Amino acid sequence: MIIYVLYAVLGLILYLFVIKPLTEMIKLKFQFGKDCKISFTFFGREIFDQLKEAKESKNTRDIFNKQKTAYNKYQYKFFVTNMLWIIRISIADPSYQKEALLNHDQYQKVDPVCHNDLLSKGLVWSKGEQWKKQRKLLSSSFEFDALKKKVPMINEITQSKIEKFSNENVLSSLQSITGLIVIKSFFGIQTDQIYINNSELQVEIANIMNEMAYMRFKSQIQSTKRLIFGTKAWKIFPTKEEKRLLQRVKDMRSIVGDLVQQRIKYFEDSNNSKINTINENFLNILVNEYLKITNKQQQEATFDQIIQEFITLQFAGTDTTAVLLYHCLYFLACYPQAQEEIRVEVNRCCPSSFINENEINNLKRLSAFISEVLRLKNPAMRPIIRVATQDHKIKDLQIKKGWLVCIDYFLQNQSERHFENAGQFDYTRWLQDNPIKDDNNFIYIPFSAGPRNCIGSQMALLEAKIILGQILKQYQITRNGNVEVSWEIHFNHQLSPTNAVILNKIK
């Protein structure tokens, strides 16, 4: 009897982990032929192979190098693999990418930290009507006319922070700048720097998110635990490292919650009519909505949403922009002639100590340089993975409910089909009229595209231009010859280590 039960269990395992995913992959291969590349793996082994390759490679040292090489060789439309029994399909063809991005309501974004109390209710990961409400509520704050009012604040923070720039951890110094900009944008310009565990709040949030996201790459056991148990995985046989991270999350949420509660109490004690006229920061907008709610249960849910909205905007605005700036500094160090050309432009167009909004529009070379960095080394190199919430078709590609979908637009950014000398860094291509070949408006999308594109793209670019402009005015940027660099995946795709460049004060 026992032997039959064992046979049944083995048969079930064989079906779930081998026959089921392999059958789907073979069907796609038969349908699309050479346009579909398949790779069957047990426990998603290819992720760890990529990590190993990134560490061992003597030349490119880039976690995505294997995928880029395969795409350039086979020019496929889709790459299909599996995570246990789940099909994961990476879409490389821009026409299919366009359809997927425009029909975003057929997917749910996968939370890379896999925790219910951090990002799941924020703008990036919320869904359906809740997402529409949040997007509508905050969208006006990210329009350029509203962002222009932040230019003096961005200049002031940048100038005060770069005086204390640390070459020991350049990325952390950049996070300190971008994070304080987000804090003042969220809580108001009068807000002072906030500290937690002897770190600036913005840096601590960035560190927590990166460490939690990287946990899924620690081992196959960690990855499998999250795949099977989802958000509950943090409480199932937690390691010491996981317990420490969870305590840091609790401490951080407590501080943010206290700040939100203080603002709610301020408006409750004041004349509520004032709230409608004070929309200079994100928190006031959200508290305004909170105070309209009379149901206590709904209020508690909304309070939690405000905390998660702050964490989401804080992390996205701190880490992604800081990593972009770090990549820009690295390429400026690698291409000293370009660095000098852009410095001349900045000094010519922005002669005063502050860089104002009218001068920013004249920084053509700096804008082109940022565009080229985003083309080759975008922090969001691979956008957030999505899970299909229903069976549907993308053109003639059948997607089944539960499949994981990746939109790998970075492959098009480095394809000769769309860019001349695609593998070379050449920022001057963006000074030409038509730098992109065969463009369907979904080839170069560094901030994604469609209804769920990055709401903060204009703010990120505005910050990047001001911060880089201020740094170029005061510093010469060189490579740190004492470190060996690599491009790794944490939460974002980022340069490592954090001291790959050195900033020397211009005398």
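Taking residue 345 as the residue in question, decide whether it is crowded, with 23+ Cβ neighbours inside 10 Å and not hydrophobic (A, V, I, L, M, F, W, C). No; evaluated as a whole, the condition is false for this residue.
With the requirement that a residue be surrounded by fewer than 17 Cβ atoms within 10 Å (Cβ to Cβ) and either assigned to a helix (DSSP H, G or I) or among the β-branched types (Val, Ile, Thr) (or both), what does region 236-245 give you? Explain how you work it out, then say what you get.
Going residue by residue through region 236-245, those that are surrounded by fewer than 17 Cβ atoms within 10 Å (Cβ to Cβ) are 236-241, 243-244.
Hits for region 236-245 are 236, 239, 240, 241, 243, 244.
The lone criterion from (1) open to solvent by 10 Å² or more (accessible area, probe 1.4 Å); (2) touching a strand residue (DSSP E or B) at 6+ places or on another chain (Cβ under 8 Å) left unmet by residue 376 is number (2). Scanning region 379-389 for residues that are under 11 Å from the mean Cα position of the chain (by Cα) and surrounded by 20 or more Cβ atoms within 10 Å (Cβ to Cβ) yields 379, 380, 381, 383. Restricting the search to strands (runs of 3 or more DSSP E) fully inside region 390-494 and requiring at least 1 residues that are touching a residue at least 24 places away in the same chain (Cβ under 8 Å), open to solvent by 10 Å² or more (accessible area, probe 1.4 Å) and under 22 Å from residue 314 (Cβ atoms) gives 486-489. The residue that is modelled with the highest pLDDT, among those in region 258-278 that are open to solvent by less than 80 Å² (accessible area, probe 1.4 Å) and not in a helix (DSSP H, G or I), is 270.
If you scan region 306-332, which residues turn out to be of a type in the set (S, T, N, Q) and either out of contact with any helix residue (DSSP H, G or I) (no Cβ under 8 Å at 6 or more places or on another chain) or at positive phi (or both)? Working first, answer last.
Pass one, region 306-332, residues of a type in the set (S, T, N, Q): 308, 312, 314, 318, 320-321.
If the condition is that a residue be of a type in the set (S, T, N, Q) and either out of contact with any helix residue (DSSP H, G or I) (no Cβ under 8 Å at 6 or more places or on another chain) or at positive phi (or both), then 308, 312 are the ones that fit.
The number of residues in region 84-95 being within 18 Å of residue 29 (Cα to Cα) and surrounded by fewer than 19 Cβ atoms within 10 Å (Cβ to Cβ) comes to 2. The C-beta contact set for region 240-255 (first residue under 13 Å from residue 117 (Cβ atoms) and in contact (Cβ under 8 Å) with a residue 60 or more places away in the chain, second residue in a helix (DSSP H, G or I) and among the hydrophobic types (A, V, I, L, M, F, W, C), distance under 9 angstrom, 6+ apart or interchain) comprises 249/208; 249/212; 253/307; 253/311. Within region 297-314, residues that are touching a residue at least 12 places away in the same chain (Cβ under 8 Å) sit with their Cβ atoms under 6 Å from residues that are among the β-branched types (Val, Ile, Thr) and assigned to a helix (DSSP H, G or I), at 6+ positions apart or across chains, in these pairs: 306/260; 307/256; 310/256; 314/182; 314/205.
Set side by side, the residues 329, 325 differ, and just one is out of contact with any Ser or Thr (no Cβ under 8 Å at 6 or more places or on another chain), of a type outside the set (Asp, Glu) and either open to solvent by less than 20 Å² (accessible area, probe 1.4 Å) or within 25 Å of residue 375 (Cα to Cα) (or both), which is 329.
Filtering 434, 362 for residues that are over 30 Å from residue 82 (Cβ atoms) and either of a type in the set (Ser, Thr, Tyr) or in contact with a Cys (Cβ under 6 Å, 6 or more places away or on another chain) (or both) leaves a single hit, 362. Kindly check whether there is at least one residue in region 94-104 that is touching a residue at least 60 places away in the same chain (Cβ under 8 Å), within 20 Å of the chain's Cα centre (by Cα), closer than 30 Å to residue 249 by Cβ and part of a helix (DSSP H, G or I). There is at least one residue in region 94-104 that is touching a residue at least 60 places away in the same chain (Cβ under 8 Å), within 20 Å of the chain's Cα centre (by Cα), closer than 30 Å to residue 249 by Cβ and part of a helix (DSSP H, G or I). Return the residue satisfying two criteria in turn: it lies in region 18-33 and is open to solvent by 40 Å² or more (accessible area, probe 1.4 Å) and in contact with a Phe, Trp or Tyr (Cβ under 7 Å, 6 or more places away or on another chain), and of such residues it is farthest from residue 75 (Cα to Cα). The extreme case among them is 20. One residue alone among 197, 210 is open to solvent by 30 Å² or more (accessible area, probe 1.4 Å) and touching a residue at least 12 places away in the same chain (Cβ under 8 Å), and that residue is 197.
Taken over region 213-235, the residue count meeting the criterion of being at positive phi and surrounded by 15 or more Cβ atoms within 10 Å (Cβ to Cβ) is 0. Scanning region 132-160 for residues that are open to solvent by less than 40 Å² (accessible area, probe 1.4 Å), without any contact (Cβ under 8 Å) to a residue 24 or more places away in the chain and under 22 Å from the mean Cα position of the chain (by Cα) yields nothing.
Looking only at residues that are under 16 Å from residue 494 (Cα atoms) and more than 18 Å from the chain's Cα centre (by Cα) in region 165-194, which one is surrounded by the most Cβ atoms within 10 Å (Cβ to Cβ)? Looking at the filtered set, the residue picked out is 170. So how many residues does region 303-328 have that are among the β-branched types (Val, Ile, Thr) and more than 15 Å from residue 258 (Cα to Cα)? Total meeting the criteria: 5. Counting only residues that are aliphatic (A, V, I, L, M), open to solvent by 40 Å² or more (accessible area, probe 1.4 Å), touching a residue at least 40 places away in the same chain (Cβ under 8 Å) and not in a strand (DSSP E or B), region 495-507 holds 0 of them.
The values are calculated or read from the model by the stated rules, or taken from the named source; none is laboratory data. The structure displayed is predicted, hence computed values, not measured ones. As a convention, Cβ positions derive from the backbone with ideal geometry for all residues, glycine included, and neighbour counts pool all protein chains shown. Protein only, heavy atoms only, side chains kept; ligands, DNA and RNA dropped before computing areas. Shrake-Rupley method; radii C 1.70, N 1.55, O 1.52, S 1.80 Å.
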